[in-house]
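See structure below.
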């Protein structure tokens, strides 16, 4: 496992991101080797740019506030920021995750660039407002950048409140999510008819369902997408374990299967940001390398799919 010293050494290679968007990519030796640009995508409703690799917190940040846990999660966030990360997504559904994000952010001196996202997951207007206020206290943010209705729970009520909050400047963006990866009609209808900024759902090289309707509709309607479960909860790594990385990976600046799987997702033009979750700093370092370099073209993407299907 990487030490905090090693994480900080990695961070020196990323410092230029905050000043203009390029950094020295670090090799396994820990030394800078090449310079590459941060990959960013626009939020269609505003034009604001976001780095394509964000961070989820489901399961991974659901920890008690022990000294050991806070140190481990602090190292994860340090690696995230060192890699140019901004988007941190959580939910009251994730146990202690929101609180741990807040705890860890308070330990990091400069986290003003964070794009803080959470969800509302309850029934009733007053209950929804109270839940969102608690989320802000837990994550220690004055205003969320994004709040989405989680799994469509009482979505009409909660989305109405969120629309009011957005008009009042209490939240910057609003949206809907599903953690089940289902393309049910209600989710699609909301995307078609409601003024939302974001839709979050599952999509990865092993689960292409979102390509049928969700991603095309998001592109058509100008809705940003946030992709959860990019590794299908470890299924992709179990399938690729012990297999050599294909030669073509170097053509898209990948040096691990994790980066290969993330770059496949990024190759879809309707994808705005991807939120892999981890509680290990060295995994975060690896994930953030997908935040830079070349994005596969259509031909390369098709080859990536063929490679995975042959594993």
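Counting other beta carbons within 10 Å of each residue's own, what order do 184, 282 fall into, fewest first? All intermediate terms of the calculation are to be shown ahead of the outcome.
On the way: 184 10, 282 17.
Sorted ascending by nearby Cβ count, the order is 184, 282.
Quick one: pull the percentage of alpha-carbon pairs in the chain with a separation above 33 Å.
When all Cα pairs of the chain are counted, 21 percent exceed 33 Å.
Between residue 248 and residue 106, how many nm apart are label points set 7 Å from Cα along the C-beta direction?
If labels sit at residue 248 and residue 106, their model points lie 4.9 nm apart.
Sort 98, 211 so that the residue with the fewest other Cβ atoms within 10 Å of its own Cβ comes first and the one with the most comes last. All intermediate terms of the calculation are to be shown ahead of the outcome.
Values: 98 27, 211 12.
Exposure proxy ranking, most exposed first: 211, 98.
Pull out the extension gain between residue 137 and residue 255, defined as 0.36 nm times the separation in residues minus the alpha carbon to alpha carbon distance; nm, one decimal.
Working: separation 118, 0.36 × 118 = 42.48 nm, distance 3.90 nm.
Value of the extension gain: 38.6 nm.
Give me the Debye-computed log₁₀ of I(q)/I(0) at q = 0.17, 0.20, 0.33, 0.34 Å⁻¹ for the stretch 34-76, equal point scatterers on Cα only, no solvent, two decimals.
-0.71, -0.76, -1.14, -1.17
Taking 0.36 nm per residue of sequence separation and subtracting the Cα-Cα distance, how much length would be gained by fully extending the chain between residue 211 and residue 297, in nm to one decimal?
Separation in residues times 0.36 nm, less the Cα-Cα distance, equals 29.3 nm.
May I ask for the distance between the Cα centers of the stretch 243-295 and the stretch 35-79, given as a whole number of Å?
After rounding, the separation between the Cα centres reads 14 Å.
Any idea what the relative contact order of the chain is, in percent, if you count C-alpha pairs under 8 Å spaced at least 6 apart? Before the final figure, lay out the partial values.
Values: 590 pairs, mean separation 61.1, N = 311.
Dividing the mean separation by the residue count of the chain yields 20 percent.
What is the calculated FRET efficiency for residue 156 to residue 220, with r their C-beta to C-beta distance and R₀ = 25 Å, to the nearest 0.05?
About 0.65, to the nearest 0.05.
Report the full-extension gain for the segment residue 309 to residue 168: residue separation times 0.36 nm, less the Cα-Cα distance, to one decimal in nm. Could you put the intermediate results ahead of the total?
On the way: separation 141, 0.36 × 141 = 50.76 nm, distance 4.86 nm.
Going from the current span to full extension adds 45.9 nm.
Compactness ratio of the stretch 153-222: Cα Rg over 2.2 N^0.38 Å, N = residue count?
1.15
Ranking 93, 226 by Cβ neighbours within 10 Å, fewest first, what do you get?
93, 226
Determine the relative contact order of the stretch 155-275: mean sequence separation of Cα pairs under 8 Å and six or more apart, normalised by residue count, in whole percent.
Values: 156 pairs, mean separation 27.6, N = 121.
It comes to 23 percent, rounded to a whole number.
Any read-out appearing in this document is the output of simple, stated calculations on the displayed coordinates, not a laboratory observation. Treat the numbers as computed from the prediction; the structure is a model and nothing was measured. With ideal geometry, Cβ positions are generated from the backbone for all residues, glycine too; neighbour counts draw on all protein chains shown.
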